[in-house]
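Asker: Here it is, the structure, as structure tokens.
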Amino acid sequence: MRRFILFHGERHPRDLGPPEVDVFLTHLAVQGQVSSAIQIRAESAFLFLYREVLGTELPWLDVTIR
């Protein structure tokens, strides 16, 4: 989450929505060249943060680049 917040200019995740999450996950996969295991962990962290902490669903998360 720290990398996500810094990536988006230190904005709070509450102020960021699906487009920003998608851009960050795509960045991790393409420019960051992270392993699939790291990307899966990042997706899980986003799901937890948005569902459990912020009370928001991310149903579109299945279409991100892997």
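Asker: Note the angle between two axes, namely the Cα long axis of helix 36-48 and the longest principal axis of the Cα atoms of the chain, as a number of degrees from 0 to 90, rounded to the nearest 10.
Answerer: Approximately 10 degrees, to the nearest ten.
Asker: Then there's this: Which is the longest part of the chain that has none of the GluC sites (Glu not before Pro) sitting in a DSSP loop with at most 11 other Cβ atoms within 10 Å?
Answerer: 11-56
Asker: Would you mind ranking L58, L25 by Cβ crowding within 10 Å, fewest neighbours first?
Answerer: Going from sparsest to densest Cβ surroundings: L58, L25.
Asker: I want to verify a result. In a Gaussian network model of the chain, Cα cutoff 10 Å, which of these has the top mean-square fluctuation: L16, L28, L47?
Answerer: With Cα springs under 10 Å in the chain, the top fluctuation among L16, L28, L47 is at L16.
Asker: By how many degrees, 0 to 90 and rounded to 10, does the Cα axis of helix 18-30 deviate from the longest principal axis of the chain?
Answerer: That works out to roughly 20 degrees.
Asker: Continuing with this model, one more query. For V30, V23, which order do you get if you count the other beta carbons within 10 Å of each Cβ and list the fewest first?
Answerer: V30, V23
Asker: Assuming 0.36 nm per residue, please report the length gained on full extension of the stretch H27 to L54 beyond their Cα-Cα distance.
Answerer: Between H27 and L54, full extension yields 7.4 nm more.
Asker: Taking only C-alpha pairs under 8 Å that are 6+ residues apart, what is the relative contact order of region 2-61 in percent?
Answerer: 26
Asker: Right, something else. Return the label of the correct value of Cα extents along the principal axes in Å, as calculated from the structure shown, out of [x] 50, 25, 15; [y] 47, 29, 16; [z] 29, 24, 16.
Answerer: Among [x] 50, 25, 15; [y] 47, 29, 16; [z] 29, 24, 16, the one calculated here is [z].
Computed from the coordinates by the stated procedures, all read-outs in this text should not be read as laboratory data. Worth saying up front: this structure is predicted, and the values here are computed from it rather than measured. Heads up, the Cβs are rebuilt from the backbone with ideal geometry, glycines too, and the neighbour counts pull from every protein chain shown.
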